[in-house]
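**Student:** I have a structure here, written as structure tokens, and I will follow up with some questions on it.
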Amino acid sequence: MAKTRGTAPKQFNVADKINDPWCLKKTQKQMLHSHWRELAIADKREELKCHMKEFNILNEKLESFDVASQVNGARGVRIIGMTTSGASSHCALLSGLRPAIVICEEAGEVLESHIIASIGEYTQHIVMIGDYQQLRPKVGNYQLSVDSGQGYNLDESMFERLVNVCQDKYKTKEKMMNNGSLTVLHTQRRMRPEVADLIRMTLYPLLEDDDKVKNYPDVKGMGRNLWFFDHNHPEEISDSSVSHSNKFEAGMVLQLALRLIRQGYSADQIAILTPYSGQLLRLREMFMKKSLAVHLDERTKIEMEEVLQEKISNGKKLKNAVSKNVKDCVRMSTVDNFQGEEADVVIISR
């Protein structure tokens with residue numbers, strides 16, 4: 001007797017038409033539920049895309065109305081000031097105002113991309129003011145800097161680059177100045193002559209001193225107005241940080257600050273600078289132990305927070321000052337972050 005081979009059961013497919021889902025097995029119901037859920041999500045996703053597209057269109061219209069309102073409000077203003085980052089984020093406003101002249105202050109510390117974002121086809125004249133021989137703009141990756149020698153030169157400002165281009169063309173600064181491409185201010189009104197000599201003999205041979213700085217009083221309690229202290233105590237590098245610190249030198253800085261305060265200087269007349277964040281932390285700890293309040297500028301504070309992984313509060317835990325003559329706090333900062341600031345007495349810890 002011949003046997004007939006039975007046919008295999010039909011495989012379940014969620015895409016097939018199902019008349020009675022209650023007859024399905026549990027696993028099949030789960031598969032069907034997942035399929036329906038994916039279809040519902042896909043429908044909602046497409047619906048959301050349409051709404052987002054509509055929202056973006058309406059938002060652009062609203063922003064254009066806001067820009068038009070700002071442009072109309074600023075039409076009668078002759079001078080408009082903003083940061084370089086603000087200029088790049090308000091490029092539509094600048095395009096509407098179409099300023100013919102753009103002036104950039106501290107241009108030596110501004111990335112070229114920020115300058116480019118602040119100008120347009122309407123720009124007729126750009127004036128860059130600053131010092132291209134001092135600090136360059138900050139970049140997060142050393143490989144992109146000029147000093148790395150990789151050729152990216154991301155931290156070379158437009159100011160520095162154009163000066164170098166003009167130097168190649170005119171060969172000397174004197175010819176550049178005669179041509180009007182470069183104007184140099186020769187008179188300084190901040191540093192006493194002994195301090196100015198440090199840069200006069202290296203970077204600025206034509207630098208002159210205003211009569212005002214020649215009449216500064218001598219620093220109280222010090223034998224000389226400009227003083228270098230040399231020692232042979234080695235630096236320390238902690239296991240958790242690559243930054244340098246020197247306990248002996250930090251102690252000397254603390255004693256110098258205390259001596260100056262006892263001579264009658266208020267704390268806010270003194271600034272303590274160091275190139276290393278590790279040394280800055282060491283100095284801060286020593287000053288706190290002596291109950292001497294310390295002020296960190298915002299940029300330095302952010303850098304210290306990253307190192308410490310904790311929030312620093314300026315003088316919050318310090319209740320007593322070392323002297324009744326202390327008015328505010330001794331200022332501490334890294335050398336880079338103190339750029340553009342000034343103090344009556346500056347102590348630098350290398």
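Here, each number is a calculation from the coordinates, and none is a lab measurement. These numbers come from a predicted model, not from an experiment. A quick note on method: Cβ atoms are made from the backbone with ideal geometry, for glycine too, and the neighbour counts reach across all protein chains shown.
**Student:** Express in nm, to one decimal, how much length is gained between R299 and L58 on full extension, taking 0.36 nm for each residue of separation and deducting their alpha carbon distance.
**Tutor:** 82.9 nm
**Student:** Separate question: Output the pairs from K138/K247; K138/K301; K247/K289 with a Cα-Cα distance over 24 Å in this structure; if there are none, say none.
**Tutor:** K138/K247, as the Cα separations exceed 24 Å there.
**Student:** Which of the aspartates and glutamates could be linked to K171 by a straight reach, that is with a Cα gap under 18 Å, when you skip same-chain ones fewer than 8 residues away?
**Tutor:** Correct list for K171: E160.
**Student:** Another question, then. Among [x] 44, 22, 15; [y] 61, 35, 22; [z] 33, 27, 19, which is the computed semi-axes √(5λ) of the Cα gyration tensor in Å?
**Tutor:** Answer label, from the structure shown: [y].
**Student:** Determine Rg/Rh for the stretch 39-121; Rg is computed over alpha-carbon atoms and Rh is the Kirkwood hydrodynamic estimate from the same atoms.
**Tutor:** 1.20
**Student:** Follow-up question, since we're still on this one. Sorted by packing (mean other beta-carbon atoms within 10 Å per residue), highest first, where do 189-201, 266-278 land?
**Tutor:** Output ranking for 189-201, 266-278: 266-278, 189-201.
**Student:** Starting from the Cα-Cα distance between V71 and E306, subtract it from 0.36 nm times their residue separation and give me the gain in nm to one decimal.
**Tutor:** 80.6 nm
**Student:** May I pose another question? If you stretched the chain out fully between Q263 and W227, how much longer would it get, using 0.36 nm times the residue separation minus the C-alpha to C-alpha distance? Numbers along the way, then the final one.
**Tutor:** Details: separation 36, 0.36 × 36 = 12.96 nm, distance 1.70 nm.
Taking 0.36 nm per residue and subtracting the Cα distance, the gain is 11.3 nm.
**Student:** Any idea how far apart L206 and M31 come out in nm if each label point goes 7 Å out from Cα toward Cβ?
**Tutor:** Label at L206, label at M31, 8.6 nm between them.
**Student:** Sticking with this one: At what distance in nm do the modelled label points of I199 and D20 sit from each other, each positioned 7 Å from its Cα along Cα→Cβ?
**Tutor:** Result: 9.3 nm between the two label points.
**Student:** Run the simple label-point estimate for K290 and F248 please: 7 Å along Cα→C-beta, distance reported in nm.
**Tutor:** Output for this residue pair reads 1.8 nm.
**Student:** If you average the sequence gap of Cα pairs under 8 Å that are 6 or more apart and divide by the length of the stretch 49-202, what percent do you get for the contact order? Don't skip to the end; give the middle numbers.
**Tutor:** Details: 150 pairs, mean separation 23.8, N = 154.
Worked out over the stretch 49-202, it gives 15 percent.
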